[in-house]
1. Out of all DSSP beta bridges with both ends in region 2-121, state the antiparallel percent to the nearest 5.
2. Over all alpha-carbon pairs of the chain, lay out the pair-distance distribution in 10 Å bins, whole %, shortest bin first.
3. Over region 177-231, what relative contact order in percent results from Cα pairs under 8 Å that are six or more residues apart?
4. With the Cα gyration tensor of region 232-288 giving a ≥ b ≥ c as the square roots of its eigenvalues, does the rule (a/c under 1.5 for rounded; else a/b larger than b/c for prolate; else oblate) give rounded, prolate or oblate?
5. Tyr425's amide H: which non-local residues (gap 5+, or another chain) put their own amide H closer than 5 Å, with H modeled 1.01 Å from N in plane and none for Pro or chain starts?
6. Which of rounded, prolate, oblate describes region 357-470, given a ≥ b ≥ c as roots of the alpha-carbon gyration tensor eigenvalues and a/c under 1.5 marking rounded, otherwise prolate only if a/b is larger than b/c?
7. Whole-Hz Karplus ³J(HN,Hα) for region 119-134, in order, using 6.51 cos²θ - 1.76 cosθ + 1.60 and θ = phi - 60°, x for Gly and Pro?
8. Which Cα, out of Ser110, Ala16, Val59, lies furthest along the positive dipole direction of region 2-121 (beta carbon charges, K/R +1, D/E -1)?
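A short reminder: the numbers here are calculations on the coordinates, not readings from a lab. This one's a predicted model, so the numbers in the text were calculated from it and none came from an experiment. Cβ coordinates were reconstructed from backbone atoms using ideal geometry, including for glycine residues, and neighbour counts include every protein chain displayed.
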Amino acid sequence: MIKILLQGHDYKYEIAEFLKLFTSEFSFIDGSEDFDVINQVDILMSQLYIGKTDQKIRVSATSQVISDGEILFNNSIEEEYLLEEKKFAKNNKKIDNIVKTMSKRVIQKSMYPYFVDKYKIDLPWGILTGIRPVKKIHSLLDEGMDYEEIGKFMIDKYLISEEKLELILNIAKRERKFIYPLSENKISMYVSIPFCPSRCVYCSFPSNTLSEFGDVRDKYIEKLLWEIEGTHRQIMEGKKEIETLYIGGGTPTSLEAKQLDRLMSGLKNILDFTNIKEFTVEAGRPDTIDEEKLLVLKNHKVSRISINPQSMNEDTLLKIGRKHSVDDIKSVFKLARKMGFDNINMDLILGLPGEDPNMVKNTIKEILELNPENITVHTLALKRTSEISMNIEKYREGFTDYNNMVDMISICKEELSKNGYNPYYMYRQKHMLGNLENIGYSKKGFECLYNMQIMEERQTNMAFGAGAVSKFVYLDEDRLERVDDVKNLEIYLERVDDMINKKIREVRKNGD
Ligand SMILES: C[S@@+](CC[C@H](N)C(=O)[O-])C[C@H]1O[C@@H](n2cnc3c(N)ncnc32)[C@H](O)[C@@H]1O
Ligand code: SF4
């Protein structure tokens, strides 16, 4: 157990997130607490100094580990940032953000060697803990740095490995062609269908089971269209162009064919579809997809669908509660192809209970035989409200270790690149096994614009329905505001007008 004492700062949360990469055995000591340095075992003192003038910001952090009165480790890191000639030199909010970013970085960097040595763990992402590493690259490019300078910066400041650096630089290069030039007039739109045939054991997404909530689907669609119509009429119409539309969930194909048709016809009546470049429906679970529903999607010109296996191993599908077989996945995929769907995504999860690298090899082999345009490779995240996390002891034995996880990621990377798939967007999640990453791969020309926009947060996303999260992007101020729709289905049905008003308030308070 290591005890941590903060001096001159209060970055407790950031330090805790960082230390969780190595261990859960730590606690913080309150500065006013009466403790005796001589008799305590392993105390980490983290100090921060910030100096700021009109010309520059200087931050320095020192980490000292003391055990039984002896200094075991002592390391200081300092960083300077020149403000002269910066356009935003007088923008206090921006400067505060820079100070915060620098502070977190030097604090973590100053303690990094101690933990790497103590736990003998090699972290390919270094001290980079955020979930959007590519967004950082875009910001540096926007500041005028070139790829080479950014590479040096990321290695020096974040201790990131060459391999991960190459990944994020390549993704940034690929994404830039799609998301630039930026425009505040274009938006992405998300529609949430929070129903599923049953709940998968790893999942914490909005998913109300059909056995319990199937009967409210009609009412939900009407309320959802009401929310979209009300919002559209008051703040979108004539002002915002919808670039991409994504219907996700949950599992949108948990709706009956007639209900899907009502939803999509309703959307068409309200929205201007003229400039939509991409229309995705995350069909998702093969056990919800049939010819009649696919026909509805086709008739409404859906351009991209997902058919998600998660794994192509029968035993795993049973364990995770998917309620469909490997054969179901194959036959639904072939049906969609026959009906003319020429842009299909398949989601996988690495590290599912009981899976080893050989099983992942099998999954990839089977998927490649189907030849989808997109393959999204997730690594298992232990979500607090999932069945796995709530009954962790039942599943613990089946978890894979960090090295296996790294192997599984490499298998995917190698096999997919051999077969013409490139990584085009990525993100990291908290509570991921090994704190690794999720990567979207695609064949050239099939990159999902919606996924790139949502990840890099350079475009407003208007999101509707229970559990949907809208993000309003203010490019000039480098500012982003979240507006959440309630997660609970029943409350959503009751309070849909509040959801409309929340969005209107957000837009109006910004003078639009
Ligand atoms: C919103 S979910 C919905 C997809 C659809 N309902 C389905 O199950 O096929 C999107 C994707 O997130 C991934 N996912 C969900 N929970 C996850 C977890 N705990 N760890 C890693 N990936 C997860 C799965 O690959 C899933 O297909
Ligand atoms: S993974 Fe998909 S089908 Fe399973 S519970 Fe989550 S949203 Fe529903």
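1. Values: 22 of 31 bridges.
Taking every DSSP beta bridge within region 2-121, about 70 percent pair in antiparallel fashion.
2. 3, 17, 26, 26, 18, 8, 2, 0
3. About 23 percent, as a whole number.
4. Working: a/c = 2.69, a/b = 1.90, b/c = 1.41.
Prolate, since a/c reaches 1.5 and a/b exceeds b/c.
5. Those qualifying (amide H under 5 Å, at least 5 residues apart or on another chain) are Gly440.
6. Numbers: a/c = 2.08, a/b = 1.06, b/c = 1.96.
Oblate, since a/c reaches 1.5 and b/c is not below a/b.
7. Taking θ as phi minus 60°, the curve returns 9, 6, 10, 9, 9, x, 8, x, 9, 6, 10, x, 8, 10, x, 6 Hz for region 119-134.
8. Val59
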